Structures are given as C-alpha cells and as structure tokens.
Amino acid sequence: MIEYRNIKKYYGDKPIIRGVSFTVEKGQFVVIIGPSGCGKTTTVKMLNRLIDASEGEILIDGVSTKDMDLIKLRTSIGYVIQQIGLFPNMTVEENISVVPRIMKWDKEKTLNRVKELLNMVNMPYNEYAGKYPRQLSGGQQQRIGVLRALAVNPPIIIMDEPFGALDPITREILQSEVKKIQRELNITVLFITHDMHEAMKMADRILFMDQGKILQDAPPKEMLLHPANEEISKFITLQEVSVKGSQMTAEDLMEAVDAEPMRDEAVIIVDKKDRLSEIAKHYELSGVDRLYVKDETGRVTGVITVESIIRLLMKQV
Amino acid sequence: MKGFIDKYGISLLTAIGEHIVYVIISVAIAIVIAMALAILLSRFRKAAVVVMPLISVFQTIPGIVFIGLLMLRLGMTPLTVIMALSIYAVFPILKNAYQGFIDIDRSYIEVARGCGMNKRQIFMRVEVPMAMPAIFSGIRMSVIYTVSWAILAAMIGQGGLGEFIYRGIDANVKEYIVIGSIPIAILAVLFRLLVDMIEKKCVSKGLQKD
Amino acid sequence: MTWEMVFEHLYLVIVSCFFVVAFGIPIGIFTYYHPKAGKIVLTVVDLFQTVPVLAVMGLLMTVFGANSVTVIISMVLYLLLPIVRNTNTGLNSVSPILKETADAMGMNRWQRLKSVEFPMAFSFILTGIRIAVVTAVGVAVFGTFVGGGGLGSILYRGIRIQNFDLIISGTLVLMLMSVFFDYLLGFLEKRQGGIYEKTER
C-alpha cells in the first residue's frame, strides 16, 4: 500500500505541489490525470525519490520512503517513461537486464527472466534480444520499456505517459497488454496521462490534479458522470469522453433522495446495479414516470425521473 | 630502387619511427588530460560556460606557436615537442567529449536513477557509452592534427618526417620533399583508419550509423 | 611585422576560400544528386583533410614551384570537406514534404534546387563556409614554408631568432583574425537561420 501524507513541494518560494494526500491499495491501478503543469509528474517522481518532497511523507507498506535505502526503493519500483526510456547504447537484453544487474542477479537467472518477459509480449528471444532500440518500432521499444520495469517483479510500477508518442492502434494494443499483465501479477500502478480515454480504459481510480492539488479522486465512471467541478467537466468535455449508455446503471441515472415513504401503490423499485436496458423495459411496461432505486440493503436511496436523466445528459455535453 | 634504399632507407625508417612515437605519446597524454577535464567540466557546468569559449579561442593559436614558445622556455628537446603536441591535441578531444557529455538527454540520466543506478553506474553504463561517438570524433581530429603538427618537430631539429620536407624545401631538393611527404600522407591515413577501427570496437552498435 | 604580411595572409585566406566555395558547393550538390558516386567523392574530400596540408604543399611545390599558387591549391583541397559535407547534409535535410510540394507545383529539378532546396540548405552551407574560413586562417600559416608569405613567416622568423615579442604579436593577429571571421560569419549564419524556421542540425 502506498500512502501520500500531505505532500508539498516548493521550488524556491513557488509552491508546485500544495498538499497532496491519497492512498493506493495493493494491486490498484491509479491514473493521475490533469493539464500539463498540474504537478502530476512531480507527484509521482516523489515516490521513487527522483524528486524529494519539501513537506509531508510518503509511506510504502507503512514505512516512510525517507527511511528506505534509496537504491532498494528504486529497484522495487518499476519506472517507465515516454518514448526515449530505453538506453540507445544497450541491446534489448541489456536494457531489460539493467535492474537485475544492479541487484546482482546471477547470469542464468537474468537470462531466464529476459526470455520469459520477451515471451510475454510475443517478441522471441532469438530474434529480438540482440537488437538495439533504434532497430525497433516505437511500439516495440515501449514494450521493452515496460518489460524492463517488470524485470525484477517490483510490487509497484510508475508509468509517466508511457504511450504518449505511439499511434492510436499501437497504443490500444499496449494498453490492453499492460492492463492484462497488471491484473495477472497484481501490480500496483501509478500511471500518468492527460488522455481521458486512456484513463477510462486503464484506471481503477482516477486522481484529477490541477495546480498542485487533487481536485477529485474517484472511479472512472463516477468522475465522468459526476465531475467535482467545472474545470474537470470542461476537461472531460474537450476530450469528448462519455460513458456508453450500455454501461450505465440505475445508480448512475438516479438522483439521491432520503428514504422516501412510498405512498404510491404502483411503485416500481429497481436494483442500483440494473442496466439501462432493464430500466427502459420497466418504463415501457409500467408507464410510470418515476422509478425508485434500492441499494444492497434494500433501502431506497434514489429516484430516476425523466428530469434526472436529462440533467445527467446535460452535464456531459 | 636499391640505390634509394641504401641512400635513405635507415634515415627514413628512423624518421617514420620518431613521427609515430611523437603522435602516439602526445595523443595518449592528451586523451588523459582532455577526458579528465571534460568529465570535470560536464559536472560543473557553470565553470564550463566560462571555460569552454576560452578554449575555443585558444584553439585558434597555431601549433607552431606552442612549439615556438615552449622551445624558447624549455630548449630544443623531444620533450618540448611532445608537450607542445599534447597541449594542442587536448583541445579537440576536450571540446567534443564535453559536448558529448552535455548533449546526453537528461531523461536518460533520470531513467537510470529511476532504475536504481548509483552515480558511478550511471556514469559508466550510460554517460560514457553515450558520449563515446563524440569522444572518438575528437580523438580522430586530434590524431590527424598531431600527425600534421609533428612535422614541426623538425623545425627545432627533433626529427620526424618533417626533417625531409625541411631539408627539401631549404635546399630545394624535390626528392627530399617527396620522400618526406608521401610517408606522412600514408601515415595520416593509416592513423585515421586505426582510430576508425578502435571506434568500431568501443562504440556501442546501437549508436553507430549503418 | 608589417601590414604587408597581414594582407598577404588575408589574400591567401580570401582567395582560397573563394575557390573552395566556388568548387565545394557544386561538388556538394553533385553528391546530393548522385548519392553513390557522392559517397566516393566525400571519402576523397575527407582524405584531403586527413593528409597533412604541409605534405600536400610540399608535393605541389615540386610541380608548381615555391609560390602562392602552391599554397592556395593546397588550401583549397584541404578546405573542401566542410563545404562539400555541409552542402550535402543541408540538401539532404530539407523536408521531403517540401520537395514533394515543389514537384507537385510543377517545378523541374533546377527550379526546385534554386528556389526550394538551396535556400533551405543555405544556413548549413554558411556553417560550412564559416568552418572553412576559420580553418583557412590557421592553415595559411604553413604557406610560409613553401614561399607563400603571410603571418606564418613572422612566427617562423620569431622562432628562428628566438624573439618572443615577434611570436606573440604574430599569434595575437592570427587569433584576432579567426575570431573576427568566426563572429562575422556566425552573425550571418544566425540571421540566415532566422529567416526560415529553425532546423535541427
């Protein structure tokens, strides 16, 4: 578990990060998003102490990063950055072996690991191990960048706009690969992007940052449907991201109410996990103009009306 | 042909030997000094901003002047020649190596730190290999210049292939000039090929052009 | 030291640079249009700079005699490399999109070279000229050995008669000359570079 405790960073007198706190559970995929200059890269670089915080502390599994050995800290956190992350003077194999070498793995163990990793992304060892970065396509380079970060099985990986320079199709493929690997190996990921589509696809949780502060911390759909403020909704709208109707549930469509006494006889109650298609069916069959929504405990917590749906749609325009 | 060998063979071989020794020793000394300075300056950029332009100006001083001045101070000895040649050979290596170090994109250094490399590892595994092509173009220039400037050793009577050229020009004997010039030209080309060969070995294939 | 020597030196530099530009740019253009033959040409030109200029002067002296012609021809051969190489690099670095646009507008090869490629490559070529001129100031020093005159003769005499002042004054004039040419051409280069968007080099 990673815990940021009221982190601040000044350059001279200028505050760059103005008190950031959040926690990331083991195996969670957290995306930090925001306009350029919002402090997202700085925030993440403080985790492996490429940058030191001016105030506050960061704990990993309860231990402050300040008390950890710097090299141990960094080798236990995989680090992937945009495009030029691979060392051009090293072969694919040497690039992947960078961290194992620092940790003094023996040759055979390293070799086996390199083979295993290359297999994972369908780049056969015999064909690719001896190649240099300049001989690879952008997508292949970025794959190797990810593999290098995975080499010693670090529990945490930092990815700073790793796919920013790739073409859309390659980006799609790599996103899926990374997400799959992350789930399989149960890795904790801090991922930076300014692309809301990417955030939607990858994240368990999104942190929206601006001017050194976290403005919202929410799961992707919630951020999209209920942006905390004008700025976030503008950011979302500009990138033309929306939740597909088929993915919406009663919970997304409803407006919260206090448990309302139900006077109406013909009242229909739906489950909050029900999909839009089922809700539409209820409307069609019953002809009522409002549906009540109940949570896991059976309590009514919300109501869906034509107005609530319209208001929701308006937010997304 | 036999007459030629009998007449000049020994002295020509001696001259070639002297020339080669001058070049190798001077360039070796220059590499050590230049690399030390380049590494130092690339770590103290603020000083480098002042020092590097000065070095560019110094470089415009012809080698003949170094030889001349040192000769006046130290007398006509082989040491004078080697010192002058070394000083002159430092400049191209220093300039190129320094540029090679500072041209390395900061993100590579940062990734190296992010991977957990310490300063020494970053230097040995990332900075030096990445600056290698630049270092070698400096060395190549130095070697070529030094072959050329070593001709001036003859000016203060310290041998080398310049001896023949000087004698030839002074006495207007074409034969001497040709005997001196052609081996120098060949020597320069051979030295250059040697540097190219060593470069191929020392520079990562990932940084070489196809 | 006399003014005459300074002018002699300038004469060597300017005349040799005039010829090196006059020959170097067309050769550079040739290497651009004929990459295969161009590679050989570039290797040969590179070789001219590898071979010590004094050796070349010596050899040419046996043909042309001890005079400024020998010095100038040797200098031209020696200085070709920066001009030819930079012309080649400059033309090769013009964006293919621009070339295609020129073709699409119906330009023939000459028009394309004259009004698109050459202007775009010009700041590269200027860099080559700057390198050549500054190098020429230094190389011309050797001229004295084969009867070319110039500031080399002061330095040479200074060393022979062990006159410290003579050496220093000759050196200072030489340094001044290279710095002056370097700044002058550097200034032109910057102004030229600013006309078009900045190109990576």
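Taken as Cα centroids, region A:275-317 and region A:22-74 sit 40 Å apart, rounded to the nearest whole angstrom.
Taking the charge dipole of the protein assembly as shown about its Cα centre, with +1 at Lys and Arg Cβ atoms and -1 at Asp and Glu Cβ atoms, the residue from A:Ile158, B:Ile39, A:Met196 reaching farthest to the positive side is B:Ile39. For region C:1-80, dividing the convex hull volume of the Cα atoms by the residue count gives 90 Å³ per residue. The A and B chains share an interface that buries close to 2100 Å² of accessible area, total over both sides, probe 1.4 Å.
Please arrange A:Phe29, C:Phe30, C:Phe18 by accessible surface area, largest first, computed with a 1.4 Å probe and ligands excluded. The partial results should precede the final answer.
Numbers: A:Phe29 0, C:Phe30 85, C:Phe18 130 Å².
Ranking A:Phe29, C:Phe30, C:Phe18 by accessible area, largest first, yields C:Phe18, C:Phe30, A:Phe29.
Listed highest first by mean packing, meaning other Cβ atoms within 10 Å per residue, what order do B:21-34, A:87-100, A:213-226 come in? Could the numbers behind the result be given before it?
Details: B:21-34: 19.8, A:87-100: 22.5, A:213-226: 18.2.
Output ranking for B:21-34, A:87-100, A:213-226: A:87-100, B:21-34, A:213-226.
Centre-to-centre, using Cα atoms only, region B:19-77 and region A:200-218 are separated by 56 Å.
Per Stokes-Einstein, at 25 °C and 0.890 mPa s, what whole-number D in µm² s⁻¹ belongs to chain C, with the Kirkwood radius over Cα pairs as the hydrodynamic radius? Let's see the in-between values first.
Values: Rh = 18.2 Å.
It comes out at roughly 135 µm²/s.
Residues of region B:151-177 that bury at least 30 Å² of accessible area when the other protein chains are present, relative to the chain alone (probe 1.4 Å, heavy atoms, ligands and nucleic acids excluded): B:Ile151, B:Met155, B:Tyr166, B:Ile169, B:Lys174, B:Ile177.
Solvent-accessible area per residue in chain C equals 49 Å², computed with a 1.4 angstrom probe and all protein chains kept. Once the convex hull of all Cα atoms in region A:245-315 is built, its volume per residue stands at 85 Å³. Averaged over peptide A:157-163, the number of partner chain Cβ atoms lying within 10 Å of each residue's Cβ comes to 1.
Heavy atoms of the protein chains alone define the surface here; on that basis chain B has 46 Å² accessible area per residue at 1.4 Å probe size.
Sort largest first and round to whole Å: the equivalent ellipsoid semi-axes of the protein assembly as shown, each the square root of five times a Cα gyration tensor eigenvalue. Let's see the in-between values first.
Details: eigenvalues 989, 157, 106 Å².
Calculated on Cα positions only, the semi-axes equal 70, 28, 23 Å.
Of B:Asp170, A:Asp274, the residue with the largest accessible area leads and the full order is B:Asp170, A:Asp274 (1.4 Å probe).
Evaluate the Kirkwood expression for the hydrodynamic radius of chain A, namely the inverse of the mean inverse distance over all pairs of different C-alpha atoms, and round to one decimal in Å. Each step should come with its number before you reach the end.
Details: mean 1/r = 0.0456 Å⁻¹.
Value: 21.9 Å, from the Cα pair sum.
When the residues C:Asp103, A:Asp210 are ordered by accessible surface, computed with a 1.4 Å probe over the protein chains alone, the sequence from largest down reads C:Asp103, A:Asp210.
When the surface is traced with a 1.4 Å probe over the full set of protein chains, B:Glu110 keeps roughly 50 Å² accessible. At q = 0.19, 0.20 Å⁻¹ the log10 of I(q)/I(0) for region B:48-200 amounts to -1.15, -1.21, computed by Debye summation with a single uniform scatterer per C-alpha, solvent ignored.
Mean per-residue shielding of peptide C:58-66 is 5, counting Cβ atoms of other chains within 10 Å of each Cβ. Placing unit charges on the Cβ atoms of the charged side chains and taking the dipole of the protein assembly as shown about its Cα centre, the candidate lying farthest along the positive direction among A:Thr41, B:Ile165, A:Ile71 is B:Ile165.
Overall, region B:1-148 carries a charge dipole of about 340 debye about its Cα centre when +1 sits on the Cβ of Lys and Arg and -1 on the Cβ of Asp and Glu, all other atoms neutral.
Please report, as a whole percent, how much of the solvent-accessible surface of region C:3-200 comes from carbon and sulfur atoms (probe radius 1.4 Å).
Numbers: 6510 of 9490 Å².
Result for region C:3-200: 69 percent of the exposed heavy-atom area is carbon or sulfur.
Among C:62-69, B:76-83, B:162-169, how do they line up by average Cβ neighbours within 10 Å per residue, starting with the highest? Walk me through the intermediate numbers first.
On the way: C:62-69: 15.6, B:76-83: 18.4, B:162-169: 23.6.
Descending mean neighbour count gives B:162-169, B:76-83, C:62-69.
Mean separation of Cα pairs under 8 Å and 6 or more residues apart, divided by the residue count, gives chain C a relative contact order of 27 percent.
Given a 1.4 Å probe and every protein chain left where it sits, what share in percent of the accessible area of chain B is carbon and sulfur? Provide the component values of the computation, followed by the final result.
Working: 6750 of 9690 Å².
Here carbon and sulfur together make up 70 percent of the probe-accessible area.
Shown here for region A:103-175: chymotrypsin sites (Phe, Trp or Tyr not before Pro) in loop regions (DSSP other than H, G, I, E, B) with at most 13 other Cβ atoms within 10 Å, of which there are none. Only one residue of A:Gly298, A:Leu276, A:Met314 has its Cα farthest out toward the positive end of the dipole of region A:274-317, where Lys and Arg carry +1 and Asp and Glu -1 on Cβ, and that residue is A:Met314.
Principal-axis analysis of the Cα atoms of chain C puts helix C:164-195 at an angle of about 10° to the longest axis.
Would you work out the relative contact order for region B:119-198, in percent, from Cα pairs under 8 angstrom that are 6 or more residues apart?
Details: 59 pairs, mean separation 20.5, N = 80.
Relative contact order here is 26 percent.
The orientation-averaged projected area of the convex hull spanned by the Cα atoms of region C:95-201 comes to 9.1 nm².
Near the amide H of C:Val51, within less than 5 Å, lie no amide hydrogens of residues on another chain or at least 5 residues away, with H placed in the peptide plane.
What you get for region B:80-197, charging only the Cβ of Lys and Arg (+1) and of Asp and Glu (-1), is a dipole of about 340 debye around the Cα centre.
Taking all protein chains together and rolling a 1.4 Å probe, C:Phe19 ends up with roughly 80 Å² accessible.
For the peptide B:62-73, the mean number of other protein chain Cβ atoms found within 10 angstrom of a residue's Cβ is 6.
How big is the B/C interface in buried accessible area, both sides summed, 1.4 Å probe, to the nearest 100 Å²? Before the final figure, lay out the partial values.
Details: alone 12140 and 11270 Å², together 20560 Å².
Buried surface at the B/C interface: approximately 2800 Å².
The distance linking region C:58-93 with region C:168-186 is 21 Å (Cα centroid to Cα centroid, whole angstrom).
Computed with every protein chain present, the accessible area of A:Asp258 is close to 130 Å² [probe 1.4 Å]. About its Cα centre, the dipole of chain C is roughly 340 debye, where the only charges are +1 on Lys and Arg Cβ and -1 on Asp and Glu Cβ.
How large is the accessible surface per residue of chain A, computed with a 1.4 Å probe and reported in Å² as a whole number?
Numbers: 15510 Å² over 317 residues.
Normalised by residue count, the accessible surface of chain A is 49 Å².
Shown for chain B are the DSSP H helices of 15 Å or more along their axis, judged by Cα atoms, with a mean Kyte-Doolittle hydropathy of at least 0.5: B:2-43, B:45-59, B:63-74, B:78-102, B:128-149, B:174-202.
What residues in region C:123-156 lose 10 Å² or more of accessible surface when the other protein chains are added to their chain alone (1.4 Å probe)? For region C:123-156, once contacts with the other chains are taken into account, C:Gly138, C:Val141, C:Phe142, C:Phe145, C:Leu155, C:Tyr156 lose 10 Å² or more. Per-atom-type breakdown for region A:2-238 gives carbon and sulfur 48% of the accessible area (1.4 Å probe, protein chains only).
The values are calculated or read from the model by the stated rules, or taken from the named source; none is laboratory data. Source: prediction; values computed, not measured. Counting neighbours? That spans all protein chains shown, and the Cβs are built from the backbone with ideal geometry, glycine included. The accessibility values were calculated without ligands, DNA or RNA, using every heavy atom of the protein model including side chains. Shrake-Rupley method; radii C 1.70, N 1.55, O 1.52, S 1.80 Å.
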